[in-house]
Every structure is written in C-alpha cells, then in structure tokens.
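S.K.: Please see the structure below; I have some questions.
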Amino acid sequence: MCLLIRRLGSWGLVITLLFSGYSQHAFGAVIGTDRAIAAEQHQARVAHLQSLLVRDDVTQRLTQLGVDPVQAQERVAALTEYELARYSEQLNSLPAGAGALEVVGIVFIVLLILELVGVTNIFSNF
C-alpha cells in the first residue's frame, strides 16, 4: 500500500514537472499614439452615427423605408474606418437647417415689397 502511494505520488510529481515547462506566456506590445487615436476616433464615429440612428425621426424614416433600426445599428458597428470617415464627412458637410437662409431672404423680400406698396410700416421706424 505504501509502495502504491509512493508510485502514484512520483508519477504525479513527474507529470506536474513535465507540464510546468509549458506554461502560457502573455505577450504585450506598446502601441503608437497614432493607433490609439485612430481607435478612439473610430469609436467616436460609431457612437455618433448610432446616436443619430436612435432619434425618433430617423427611426420613423428607417421604418418607412423598410429598414429595421436594430439592423441599421448593427451595420454601423460593422463599418470600416474608411466608410465611417466618408459617412461622417458627408454628414458634416450637410447644411444644418437646410434652406434657413433662403427662408430669411424670402421673408425679407416680402416685407420689403409690403413696405414699398404701403401695406406695412416696418422699415419706416428705423
């Protein structure tokens, strides 16, 4: 009995020592600032586009067009960096309140015509 315990203990020790040399190593590397900034910008662009997709008016329009809003968010998350940069650039180049300047100009012209015809007295007070 004592011999059996010794042999099992010896074999257990041999197996333990044999496999202790095959430990897993963790590898780490220093990443450059440009890679860290690019990763941060990627996450910011994804978050910005997804915040646009959760707005009520955008969700309604997507539904009208037959697009599932959840699927649209998943597709935004899967976009490449090039695609995200292109879409973000397109969104930033769109005019905010499109046509607001034209509306102000038209209102000014209408008021000017009404003033010249004598219907209103808006500009005579200045």
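S.K.: Would you calculate the separation in nanometres between label points at Val104 and Thr80, each defined as 7 Å from the Cα along the Cα-to-beta-carbon direction?
M.R.: Simple spin-label model gives 4.1 nm for this pair.
S.K.: Could you tell me the calculated FRET efficiency between Val58 and Leu112, based on Cβ-Cβ distance and R0 = 41 angstrom, to the nearest 0.05? Mind showing how you got there, number by number?
M.R.: Working: r = 38 Å, r/R0 = 0.93.
Efficiency for this residue pair is about 0.60.
S.K.: Between Leu18 and Val70, what is 0.36 nm times their sequence separation minus the Cα-Cα distance? Round to one decimal in nm. Please list the in-between numbers first.
M.R.: Details: separation 52, 0.36 × 52 = 18.72 nm, distance 5.17 nm.
Here the segment from Leu18 to Val70 would lengthen by 13.6 nm.
All of the numbers you see were taken from the coordinates with simple rules; none came from a lab. Remember, it's a predicted structure, so these values are computed and weren't measured experimentally. Heads up, the Cβs are rebuilt from the backbone with ideal geometry, glycines too, and the neighbour counts pull from every protein chain shown.
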